[in-house]
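Heads up: the structure comes next, in structure tokens.
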Amino acid sequence: MADPADDRVDLHAIAAGFGVIGAGIAIALVAAWLVIARSPAPARAPNDAARPAIAAVGQSTAPAAELAAYRREKMQRLETDGVDPATGEAHISIAHAMELLVARKPPSEKITR
């Protein structure tokens with residue numbers, strides 16, 4: 001057992017501890033570098049991407065009017081039945097969709113044995 005009166009710090013033990021920690025860090029860095037160097041990167045990796053070209057500052061001159069027009073357009077689509085001329089997608093109003101769901105019979109009534 002160590003003598004309690006002997007309160008000297010063992011510098012060799014501290015140096016050995018720092019050496020073990022440093023060696024561990026070095027091994028971890030080398031291992032990470034090997035994994036990165038040996039793994040194949042895809043041809044279109046994010047780091048290989050080109051920066052997007054921005055033509056100009058895209059500030060709106062009338063944001064409130066544009067927002068109101070956007071909301072009007074979306075509400076009109078939600079409240080009417082029709083076909084989108086740009087995409088050819090058919091759409092029905094929310095009220096019409098709810099009527100169709102109410103008119104539908106529950107699954108338990110459709111089963112006949």
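No value in this document is a laboratory result; all are computed from the given coordinates. Note that this is a predicted model, so its numbers are computed, not measured. Here the Cβ positions follow ideal geometry from the backbone for every residue, glycine too, while neighbour counts run over all protein chains shown.
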In whole Hz, the Karplus estimates of ³J(HN,Hα) for region 24-32 (6.51, -1.76, 1.60; θ = phi - 60°; x where Gly or Pro) are x, 5, 4, 5, 5, 5, 5, 5, 5
If I model a spin label at Q59 and I21 as a point 7 Å from the Cα along the Cα→Cβ vector, what separation in nanometres do I get?
5.3 nm
Two-site label geometry, I36 and I92: point separation in nm, points 7 Å out along Cα→Cβ
5.6 nm
